[in-house]
Amino acid sequence: MLARVANNLFWMGRYIERSEHIARYLSVNYFSSLDAPNELSQSRQFMLRSMLFMVGEPENDQEKILDEEKVLYNIGLNPDKGYAIINNIKATRENANSARDLISTELYEAINRFYHFVLNYDVDFFVKKGLYDYTTNIAERTSVLRGKIRGTLLHDEVYAIIMSGINIERATQVIRIINAKYQDAKKAKGSYGNVFANSFEWTTLLKCVESYDMMRRFYRKAPTSITTLEFLVLNGDCPRSVMNSLNQICTHINVLDKAKHPHKDSTAFLVGKLQSKIRFMSVEDIEGDIKGFIGYILEDLSQIGKKMEKEFFNY
């Protein structure tokens, strides 16, 4: 296939995954604040600042009173904001259009329905009482798209490119969400013991990435900073963990690069290097310097994405 088309497939996968994580972060934070156990976590201003921080537009003026409807509109449906969910869906469709002959009719039709749902969503309804309906539809429709990708495409190079994009974006978004909730946990502390480790924000974090129930099943206790970070970073069996995403990326990159011994300047080498680094890391290392860990892993994931584009999609 043309390198340009391969690049479109890669970014189609990334935009699908990005849309879901932003939508779920909006929904979980908004509705979790309604029954949070402490005053700060219940604060609408605190919740809105967390949303803006996660999408990369933090509000640094602590005295400013944020307009709830404006923040929700900007993140959900504002076509002038690059991070808005509506623009991610538009980009998904544009990239799908450019690779129409390589994807199934079922997948393309699902993307098209998704696009028209978002494009025609009533803004006034969304900002006043449509947040749950909108974000739930985004999450469900992205799941449908992933199902169509797995269930209707040949599991060949096209599939490997799309899934590489999905998993790179998933790892990136999970780390961004960890970063946002880490900042929140420092402010909204728990009421007993280690107030940072027992913050309600760790529960919210797990719900943002659909991992709360399985984490409780795995550890059989309430979430803490240690168990949450271990589950979402190091546990290869958790489908939302960084380790699982890296394992998936490695599998799909091997379809594109069949070299037994990857060159040190290749995508496969970078992925394997980060995979090994995470595999032999302890959760105590992560918690001891969460900010430093977040910084270098985001940089490593960015480098993997750039290297993949340069190696396979350069045109």
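In this structure, residue 109 does satisfy being open to solvent by 10 Å² or more (accessible area, probe 1.4 Å) and not β-branched (Val, Ile, Thr). For residue 18, state whether it is closer than 14 Å to residue 138 by Cβ and either in contact (Cβ under 8 Å) with a residue 60 or more places away in the chain or touching a Gly at 6+ places or on another chain (Cβ under 8 Å) (or both). Taking the combined requirement at face value, the residue satisfies it. Taken together, 194, 198, 137 contain a single residue that is out of contact with any Gly (no Cβ under 9 Å at 6 or more places or on another chain), open to solvent by 10 Å² or more (accessible area, probe 1.4 Å) and assigned to a loop (DSSP other than H, G, I, E, B), which is 194. Among the residues of region 159-170, not a single one is without any contact (Cβ under 8 Å) to a residue 40 or more places away in the chain and charged (D, E, K, R).
Scanning region 112-134 for residues that are open to solvent by less than 40 Å² (accessible area, probe 1.4 Å), in contact (Cβ under 8 Å) with a residue 40 or more places away in the chain and assigned to a helix (DSSP H, G or I) yields 118, 126, 127, 131, 134.
Among the residues making up region 214-250, those that are closer than 29 Å to residue 159 by Cβ, open to solvent by 50 Å² or more (accessible area, probe 1.4 Å) and free of Cβ contacts under 8 Å to residues at least 60 places away in the same chain are 214, 237, 239. Hey, can you tell me all the residues within region 276-292 that are buried (at least 18 other Cβ atoms within 10 Å of the Cβ) and without any contact (Cβ under 8 Å) to a residue 60 or more places away in the chain? Within region 276-292, 278, 286 qualify.
The values are calculated or read from the model by the stated rules, or taken from the named source; none is laboratory data. Note that this is a predicted model, so its numbers are computed, not measured. Backbone-built Cβ (ideal geometry, glycine too); neighbour counts: all protein chains shown. Please note that ligands, DNA and RNA were not included when accessible areas were found on the heavy atoms of the full protein model with its side chains. Shrake-Rupley method; radii C 1.70, N 1.55, O 1.52, S 1.80 Å.
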